[in-house]
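Quick notes on the structure that follows.
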Amino acid sequence: QAEPIELKQAVERALDGNLSLLRARYDVLLARDREVRALGAFEPSLTAGVSRTSDLQNYIDPEQPLSAVSARIGVTQAIPGGGSVGLDYSSTEYSEAAEALGFESSPDLSLRVSQPLLSGAILGARERGVTEAHWGVRDAELDLFTILSDLVLEVENRYWDLVQAEQTVTGASLALAGAQKQEAWVDERIELGFDSPSERLATQERVASAQSSVATATAQRANAEAAL
């Protein structure tokens, strides 16, 4: 009562329902995500902030503190070897009362470069992380390819085992039919007196052997179906 199935359908069902393959696919996705996060260490970062100060020392009127607004914006870019380079712009704007007392509003532009002298100067932690993540993706993809190849090969082998088992059943059935026809023909010759009754034993033996072959082939076909 097995459902007829083509080789392509068998492979598609295996690919859709195999848990090892599903896990391998998720491992590849996770490895790629780790690679993206490792590469993120080399992406530029933006910093910005605004603050207001109202406790500047007012020597003329201590009861009325002076105020100032400070703003800063900067970009930092990681460079190979564990270092970084940054460009910052900052400015502090004082209130009129503070400027009247000598506080000067002036913008500031600064360039910062940092590079470790020894630790990480050749292959920094960021580079190691990217390299490990890159090869982690390759390992996960290789595992996926291996599982996929083994699965398809196993399904194809099981499928052709079933085809061969089906052909064996067909051959055994034809042999049984031939033996039964020969038995009927010998019985007819015995009834007409052309052969002795002992000839029936030989034909019965061939029929019994053919029936045994059909039973064995049928069992092997059932095993092949179950394996597929």
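The values are calculated or read from the model by the stated rules, or taken from the named source; none is laboratory data. Since the model is a prediction, treat every value here as computed from it, not as a measurement. Every residue, glycine among them, receives a Cβ derived from its backbone with ideal geometry; neighbour counts consider all protein chains shown. For accessibility, only protein heavy atoms count, side chains too; no ligands or nucleic acids. Shrake-Rupley method; radii C 1.70, N 1.55, O 1.52, S 1.80 Å.
Scanning the stretch 179-201 for residues that are more than 25 Å from VAL214 (Cα to Cα), open to solvent by less than 60 Å² (accessible area, probe 1.4 Å) and among the charged types (D, E, K, R) yields a total of 1. Close Cβ contacts (under 8 Å, 6 or more residues apart or on different chains) running from residues in the stretch 178-199 that are at pLDDT below 85 and hydroxyl-bearing (Ser, Thr, Tyr) to residues that are open to solvent by 80 Å² or more (accessible area, probe 1.4 Å) and not in a helix (DSSP H, G or I) are absent. Among residues of the stretch 159-169 being of a type outside the set (A, V, I, L, M, F, W, C) and open to solvent by less than 70 Å² (accessible area, probe 1.4 Å), the one that is farthest from LEU7 (Cα to Cα) is THR168. Looking across the stretch 1-49, the residues that are open to solvent by less than 100 Å² (accessible area, probe 1.4 Å), more than 22 Å from the chain's Cα centre (by Cα) and within 22 Å of ALA133 (Cα to Cα) come down to ALA41, PHE42, PRO44, SER45. Taken across the stretch 201-222, residues that are part of a helix (DSSP H, G or I), of a type in the set (D, E, K, R), without any contact (Cβ under 8 Å) to a residue 12 or more places away in the chain and farther than 30 Å from ALA24 by Cβ do occur, with at least one present. So, SER95, is that one in contact with a strand residue (DSSP E or B) (Cβ under 7 Å, 6 or more places away or on another chain) and closer than 26 Å to THR47 by Cα or not? Against the criterion (in contact with a strand residue (DSSP E or B) (Cβ under 7 Å, 6 or more places away or on another chain) and closer than 26 Å to THR47 by Cα), SER95 qualifies. Here PRO197 passes the criteria (1) within 46 Å of the chain's Cα centre (by Cα); (2) not in a helix (DSSP H, G or I) except the one numbered (1). Within the option set SER54, SER95, SER84, being within 20 Å of VAL130 (Cα to Cα) and either modelled with pLDDT under 90 or surrounded by 14 or more Cβ atoms within 10 Å (Cβ to Cβ) (or both) holds for one residue only, SER84.
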